[in-house]
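Let me begin by presenting the structure, written as structure tokens, before commenting on it.
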Amino acid sequence: MELNPIYQEIFERAKPYLRTRKNLIHTRISLRYAIQLLKIEGGDEEVVIPALLLHDVGWKIVPEELQLTAFGPTLTNPRLRRVHEMEGARIAREILETLHYPPEKVKKICRIIQGHDSRERSISLSDRIVKDSDKLWRFSRKGLSIETNRFHMSAAQWLNHLEGNIEKWFYLRASSRLATEELARRREEMRRVRK
């Protein structure tokens, strides 16, 4: 996927922070969904793409042995989830300011990152696209593989978990539709493997 040079530079600077929790893979897949949603819904690409590229850089601050306590179906430490959001916003601001990214965009990007997991209400269309793309990756083939391994669930259990959360997780109708389509693809792939 070819990115605009400024987005590519943001991603390059984010990479050292994304080398934990499979976040490089997660970010690339989530970015594809964000681009799809931008095409369907509109939204501010100059906010969405940097916010998506930088949304999980704060996980690098959370000790790896504690990360699984701070997200997913095994969440027991929501305080650490907030740490990754707040530290992520701080790191994102540093990266963006170093690149002389427009200050009004930096403010919006950092506000999205500060609540992309914990804030239940969305603050803008750009926020909805970032939040939804962040969750859509779980429905991808690679997301299924990583998450079932991470949470010690069978593919069938994970897909049932995903299906049970579509209504709860997504803000945009297009995101729910994409999730439902991806879920059907994963189930069809499982069916073919069993034959």
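Only the coordinates and a few stated rules stand behind these numbers; no lab work does. Note that the structure is a prediction, hence the values are computed from the model and not measured. FYI the Cβ positions are ideal-geometry reconstructions off the backbone, even for glycines, and counts take in every protein chain you see.
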One finds the C-alpha centres of the stretch 148-175 and the stretch 99-128 to be spaced, in Å, by 24
Compute the signed sum of charges (Lys and Arg +1, Asp and Glu -1) over the other residues within less than 15 Å, Cβ to Cβ, of residue 175.
+1
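Counting helices only, and only those DSSP H runs with n ≥ 4, report the 222 nm mean residue ellipticity of the chain as the sum of -39,500 (n - 2.57) divided by its residues, in deg cm²/dmol to the nearest 500. Intermediate results must be reported in sequence, preceding the final value.
Details: 10 runs with 139 residues, N = 195.
My calculation for the chain gives -23000 deg cm²/dmol from helical runs alone.
What number, in percent, do you get for the relative contact order of the chain if the mean sequence gap of Cα pairs under 8 Å and at least 6 apart is divided by its residue count? Let's see the in-between values first.
Numbers: 226 pairs, mean separation 41.2, N = 195.
Reported as a whole number, the value is 21 percent.
So, by mean Cβ neighbours within 10 angstrom, what's the order for 6-12, 129-135 with the highest one leading? It would help to have the intermediate numbers written out before the result.
Numbers: 6-12: 16.6, 129-135: 25.6.
Those peptides, ordered most packed to least, come out 129-135, 6-12.
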Modelling each spin label as a point 7 Å along the Cα-to-Cβ direction, I'd like the residue 68/residue 187 distance in nm, to one decimal.
2.9
Exposure proxy check: 163, 85, 188 ranked by fewest other beta carbons within 10 Å?
188, 163, 85
Between residue 9 and residue 61, what length in nm is gained on full extension when 0.36 nm per residue of separation is reduced by their alpha carbon distance?
16.6 nm
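With a Förster radius of 41 Å, plug the Cβ-Cβ distance of residue 100 and residue 161 into 1/(1 + (r/R0)^6) and report the FRET value to the nearest 0.05. Please report the intermediate quantities before stating the final value.
Numbers: r = 43 Å, r/R0 = 1.04.
Efficiency for this residue pair is about 0.45.
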If packing is taken as the average count of other Cβ atoms within 10 Å, what order do 114-123, 86-95 fall into, highest mean first?
86-95, 114-123
With label points set 7 Å from each Cα along the Cα-to-Cβ direction at residue 180 and residue 107, the distance between them in nm comes to 3.9
Per 0.36 nm of contour for each residue apart, how much would the distance between residue 149 and residue 123 grow if the chain were fully extended, relative to their Cα-Cα spacing?
6.1 nm
Listed values (1) 1, 7, 14, 16, 17, 17, 12, 8, 5, 2, 1, 0, 0; (2) 1, 8, 17, 21, 21, 16, 10, 4, 2, 0, 0, 0; (3) 1, 4, 6, 6, 5, 6, 6, 8, 11, 10, 8, 8, 8, 7, 4, 1, 0, 0, entry calculated as P(r) over Cα pairs in 5 Å bins from 0, in percent
(2)
Taking the Cα centre of each part, how many Å lie between the stretch 47-75 and the stretch 1-23?
14
